[in-house]
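So the structure is just underneath, and the comments pick up after that.
The values are calculated or read from the model by the stated rules, or taken from the named source; none is laboratory data. As the structure is a prediction and not an experimental result, all values here were calculated from the model. Neighbour counts are summed over all protein chains in view; Cβ atoms, including those assigned to glycine, are modelled from backbone coordinates with ideal geometry.
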Amino acid sequence: MAKIKEIERTPNPDAMRFVLGEPLTNGTTRSYENAQEAEGDELASALFAVDNVINVYYVDKYVTVTQDGKAVWSELLRKLAPPIREAEASTGMEEDDSEVHVSKEAQESDDPRLKEINRLLDEQVRPYLLADGGGLKVLGLEANRLKVHYQGACGTCPTATTGTLYAIESMVKRIDPEIQVVSV
């Protein structure tokens, strides 16, 4: 059973991050945008069963839940805490979703720019997004358009679609000044 040590606000007013006493996963990231995607995941399914939940993102000892903005956090937190406390830590045997940070299409690309972009994102962007309760998935690089998708708290955060996107684009332009970053 997971012990909730803290509940933290994120830069997204519609998302909260639960910090647990021990990890639920051993480095495995889970990101779900609806209940159908979460089928087979006990924790995520239980959280989506709570009204107003629109996104569940978790890794190690962090669980981020995003709501639709129609619920009062004090009431919603009371409903979210029990399924999180009842969550069992993984055995460490589960497989990581190979597409959680990079789509299959992008993984199979032989474009050296894409490999360098992902390396930079892993080193300079994803750790900070995780600290704010979210993540970033690279969907692909078509011509000079890099398509990215924000996860967890970042998915509906106004800061992600403005400041963070601009910072990513500035970083990517050091690799190729012609690349435009688009959030989808």
For this session: Take the stretch 114-137 and flag every residue that is out of contact with any helix residue (DSSP H, G or I) (no Cβ under 8 Å at 6 or more places or on another chain), closer than 16 Å to THR159 by Cβ and either surrounded by 14 or more Cβ atoms within 10 Å (Cβ to Cβ) or of a type in the set (A, V, I, L, M, F, W, C) (or both).
Result: ARG126, LEU130, ALA131
Problem set entry | Extreme residue, surrounded by the fewest Cβ atoms within 10 Å (Cβ to Cβ), among residues of the stretch 138-156 that are in contact with a helix residue (DSSP H, G or I) (Cβ under 8 Å, 6 or more places away or on another chain) and under 15 Å from ILE175 (Cα atoms) | LEU141
For this session: State whether one or more residues within the stretch 116-131 are touching a Cys at 6+ places or on another chain (Cβ under 8 Å) and within 26 Å of LEU24 (Cα to Cα).
Result: yes
For this session: Say whether the condition of being under 14 Å from the mean Cα position of the chain (by Cα) and of a type in the set (D, E, K, R) is met by at least one residue in the stretch 101-114.
Result: no
Problem set entry | Some residue of the stretch 61-73 being basic (Lys, Arg), modelled with pLDDT under 95 and out of contact with any Gly (no Cβ under 8 Å at 6 or more places or on another chain) | no
Exercise. Can you name every residue in the stretch 1-18 that is of a type in the set (A, V, I, L, M) and exposed (fewer than 15 other Cβ atoms within 10 Å of the Cβ)?
Worked result: MET1
Problem set entry | Qualifying positions in the stretch 157-184 - touching a helix residue (DSSP H, G or I) at 6+ places or on another chain (Cβ under 7 Å) and among the hydrophobic types (A, V, I, L, M, F, W, C) | ALA160, ILE168, MET171, VAL172, ILE175, ILE179, VAL181
Exercise. Name the residues in the stretch 155-184 that are aliphatic (A, V, I, L, M), in a helix (DSSP H, G or I) and in contact (Cβ under 8 Å) with a residue 24 or more places away in the chain, would you?
Worked result: ALA160, ALA167, ILE168, MET171, VAL172
Exercise. Do any strands (runs of 3 or more DSSP E) entirely within the stretch 1-93 hold 1 or more residues that are hydroxyl-bearing (Ser, Thr, Tyr) and touching a residue at least 24 places away in the same chain (Cβ under 8 Å), and if so, which?
Worked result: 29-32, 53-59, 62-67
